[in-house]
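The values are calculated or read from the model by the stated rules, or taken from the named source; none is laboratory data. All values reported here derive from a predicted model rather than from experimental measurement. Glycine also receives a Cβ, built like all others from the backbone with ideal geometry; neighbour counts cover every protein chain displayed. Accessible surface is based on the protein model in full, side chains and every heavy atom, while ligands, DNA and RNA are left aside. Shrake-Rupley method; radii C 1.70, N 1.55, O 1.52, S 1.80 Å.
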Amino acid sequence: MTNFKIILDISTTFLLSRIKQSTIAALGVTFGIGTFIILVSFMTGLNSLLDGLILNRTPHIRIYNEVKRSEVQPVDLVSRFRNGLNIVHSIKPKKNQIRIHNALPLIESLRRDERVKGVTPQVAAKVFYLSGSTELNGLVNGINVEDEVCLFNFDDYIVQGSPQDLLKNKNGILLGAGVADKMLLAVGDRIQVITTSGGIVPLKIVGIFQSGLADLDNVQSYVNLKMAQQLIGENTNYISDINVKLWDMDNAVPMSAAISEQHDLTALDIKTANAQFETGTAIRNLITYAVSITLLIVAGFGIYNILNMFIYEKMNDIAILKATGFSGLDVKLVFISQALIIGFLGGLLGLILGFGVSVLISHAPFETEALPTIKTYPVNFDPLFYVIGVVFAISSTFLAGYLPARKAEQIDPVEIIRGQ
Amino acid sequence: MSVVLQAKKVSKFFKQPVLFQVLKDISFSIEEGEFVSIMGKSGCGKSTLLYILSTMDTDYDGELFLAGEKLTGKSGEALARFRNEKIGFVFQFHYLLSEFTVLKNVMLPALKLGRKSEKEIERDAMEKLAILGIEDQAHKKASMISGGQKQRVAIARALINDPAIIMGDEPTGNLDSKNADNVFNVFKELSVNNKLSLLIVTHDLDFAKKTDRIIEMGDGEIIGSRSFA
Ligand SMILES: Nc1ncnc2c1ncn2[C@@H]1O[C@H](COP(=O)(O)OP(=O)(O)O)[C@@H](O)[C@H]1O
Ligand SMILES: [Mg+2]
């Protein structure tokens, strides 16, 4: 398109004749886009870190038997009292077993469901950790280590030893970091646990587990499924929890509803369990976009002002162009392309700036007790952000340039020429 | 001889500040190769007429034909294209794009027309500049040359697309007599050698006397037509 080439030629000449103002306008965009990239990379990096902290290791559906009172009391079943206002005081929970009835067939049927990525059973056992004369409250979970590693990134939280060591050692325990710390225990040491029935079982520490949540690390440890069943004196049918991971998290809500309906079990889906995390993520995203858009609007006003000034200065040139046969559209394109050049170059520079600062941040040391596997600040280098950044830059400068450009389009050359 | 420009009962009103008829039923025509000048008192409507004839002003009554086409009622886009191809306009003040070189100023209308390659256009532009005797200024910035030179650049630009007609609104009004003679000679040559039609508004009777025909205007009307040649 020859026409486009000449229009670009004119607009770059105009821009270069006002190189200082053009540069300042472009730097406004650079600043806006750069900030956007930095903010969004850092915020989403932080988001996925925090999400990962909870969501990665949280089952999408957790099935267990909850101790709760009966919704239907005997008096409700008597037809004589149906129309009365029945008040029952001091309702106690029904004696209920913690075990999941018929757990193994349920696991099998879940495994066959094609929405399910994996299923793993757990056995929870309350214990006391024994150290000299002190007894520490504890919770030991019997797990299938391989499942936990592949479904819930369990290995991310083993700071010493390895999950595989638990497989090799049926008396092994992955001890919570808080417990190990309090009891001055290390990998290779032995620990005794007292079961609820009073038995004392010696276990070998094969690893240290640290989730980053102090409350959890102070009580929680992991053993093999069989060992947990032994600790509470149950056979291999005994399962207290079934954890399900789905291919698509969005199926969690309907599936958990169906499971609790069919099997008279409590099935807790991840959305209900962790609603606050999604809220946090949403708010952080909102802040990121709000700040970036604000900066871009400011940059947009800068471009708007400068283009208005250009048009005012170039009134004569616009009249000449129109008198010599350039159409209103051509003139409009001259000014829009100036805005787009400013936006594109400023935006590109902004991407480079954003990327550079993000790289710096991602190399800045960030060590915290709570996040054992993290050594530097989390930064998300998703290319999509860079695409959004360019689109942002171009569209905001287009908008900022459009109004002045339309004004230029409508300038009546006769009025200008007469004015001389 | 064929008619290049024809105005039929062209009238124009200004509504601001008061309703006022600036042009009253102007009818005339110009033939191919004819060199016509328009004279008249200041404020009689010469410039207004020229803006209408050059298609920049479309707010008028009556009809306008140029190079065999009826221009009245065409869209702004179509008129711009027509102006680009068929009309060369020379203003009283040397209107050049000051950030571009002299050469680029001359080339722009042809680049817009897009009928020739950039190389050819550059050669044409140098040729036009040579006709006006300013080819040595080609690579200077337009803001760096003198007033007389600027006016000649403007004429070269008006010629670049080989238009059907050149219109000028007091093109020599700001020039000294030597430069004014120069410009007249260029116009005369173009009309004789190239069969170019010219319509030039002027206050300079000496200039007008040398043209083929003088149209005299008064109060928005044509009040006479004279020829000294
Ligand atoms: N935009 C306008 N609005 C109202 N009156 C105008 C406008 N432009 C010109 N005029 C008036 O129209 C008349 C003709 O102006 P013009 O064509 O410039 O005269 P000339 O070129 O012959 O000196 C003048 O009286 C002038 O004041
Ligand atoms: Mg005038």
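Checking each residue of the stretch B:216-228 against the condition of being away from ligand 1 (no atom under 16 Å from the Cβ), hydrophobic (A, V, I, L, M, F, W, C) and touching a His at 6+ places or on another chain (Cβ under 6 Å) gives no match. Of all residues in the stretch B:164-176, those that are part of a strand (DSSP E or B) have Cβ atoms under 7 Å from Cβ atoms of residues that are within 13 Å of ligand 1 (Cβ to nearest atom) and open to solvent by 30 Å² or more (accessible area, probe 1.4 Å), 6 or more apart or on another chain, in B:D169/B:S47; B:D169/B:Q92. Only residues that are buried (at least 21 other Cβ atoms within 10 Å of the Cβ), within 23 Å of B:I200 (Cα to Cα) and within 9 Å of chain A (Cβ to nearest Cβ): list them for the stretch B:93-104, please. Within the stretch B:93-104, B:Y95, B:L96, B:L97 qualify. Scan the stretch A:412-419 and tell me whether some residue there is more than 16 Å from ligand 2 (Cβ to nearest atom) and either at pLDDT 90 or above or within 14 Å of chain B (Cβ to nearest Cβ) (or both). Looking through the stretch A:412-419, at least one residue is more than 16 Å from ligand 2 (Cβ to nearest atom) and either at pLDDT 90 or above or within 14 Å of chain B (Cβ to nearest Cβ) (or both). Evaluate the following for A:I205: is it touching an Asp or Glu at 6+ places or on another chain (Cβ under 7 Å), modelled with pLDDT of 90 or more and within 17 Å of A:L231 (Cα to Cα)? When the stated conditions are applied, A:I205 passes them.
Those strands (runs of 3 or more DSSP E) of the stretch B:16-70 in which 1 or more residues are without any contact (Cβ under 8 Å) to a residue 12 or more places away in the chain and within 16 Å of ligand 1 (Cβ to nearest atom) occupy B:20-31.
Here A:F366 meets the list (1) buried (at least 16 other Cβ atoms within 10 Å of the Cβ); (2) touching a residue at least 12 places away in the same chain (Cβ under 8 Å); (3) of a type in the set (F, W, Y) almost entirely, failing just condition (1).
Only one of the listed residues (A:Y289, A:Y222) is under 30 Å from A:V179 (Cα atoms) and open to solvent by 20 Å² or more (accessible area, probe 1.4 Å). That residue is A:Y222. In the stretch B:27-36 there is no residue that is within 12 Å of another protein chain (Cβ to nearest Cβ) and either within 16 Å of ligand 2 (Cβ to nearest atom) or closer than 25 Å to B:N193 by Cα (or both).
Considering only the stretch B:196-214, how many residues are within 16 Å of ligand 2 (Cβ to nearest atom) and either within 14 Å of chain A (Cβ to nearest Cβ) or open to solvent by less than 60 Å² (accessible area, probe 1.4 Å) (or both)? If you could, list the steps in order and put the result at the bottom.
Filtering the stretch B:196-214 for residues within 16 Å of ligand 2 (Cβ to nearest atom) gives B:199-204, B:207-208.
Going one step further and asking which of them are either within 14 Å of chain A (Cβ to nearest Cβ) or open to solvent by less than 60 Å² (accessible area, probe 1.4 Å) (or both), we end up with B:199-202, B:204, B:207-208.
So the count comes out to 7.
With respect to the stated conditions, A:L104 fails to be modelled with pLDDT under 90, open to solvent by 20 Å² or more (accessible area, probe 1.4 Å) and assigned to a strand (DSSP E or B).
Residue count for the stretch B:71-89, restricted to those that are out of contact with any Lys or Arg (no Cβ under 6 Å at 6 or more places or on another chain), within 10 Å of chain A (Cβ to nearest Cβ) and either in contact (Cβ under 8 Å) with a residue 12 or more places away in the chain or part of a helix (DSSP H, G or I) (or both): 13.
Scanning the stretch A:117-135 for residues that are at pLDDT 85 or above and either open to solvent by 70 Å² or more (accessible area, probe 1.4 Å) or closer than 13 Å to A:I259 by Cα (or both) turns up A:K117, A:K126, A:F128.
Filtering the stretch A:151-168 to residues that are at pLDDT 85 or above and open to solvent by 40 Å² or more (accessible area, probe 1.4 Å) leaves A:V159, A:Q160, A:G161, A:Q164, A:D165, A:L167, A:K168.
Only a single criterion out of (1) out of contact with any Asp or Glu (no Cβ under 7 Å at 6 or more places or on another chain); (2) closer than 28 Å to A:S197 by Cβ is not satisfied by A:A177, namely (1).
Residues that are within 16 Å of ligand 1 (Cβ to nearest atom) and more than 14 Å from chain A (Cβ to nearest Cβ) within the stretch B:137-195 comprise just one, B:T172. All of (1) within 14 Å of another protein chain (Cβ to nearest Cβ); (2) within 30 Å of A:L151 (Cβ to Cβ); (3) hydrophobic (A, V, I, L, M, F, W, C) hold for A:L265 with one exception: (1). When B:K46 is tested against the conditions (1) more than 16 Å from ligand 2 (Cβ to nearest atom); (2) of a type in the set (D, E, K, R); (3) within 14 Å of chain A (Cβ to nearest Cβ), the lone failure is (1).
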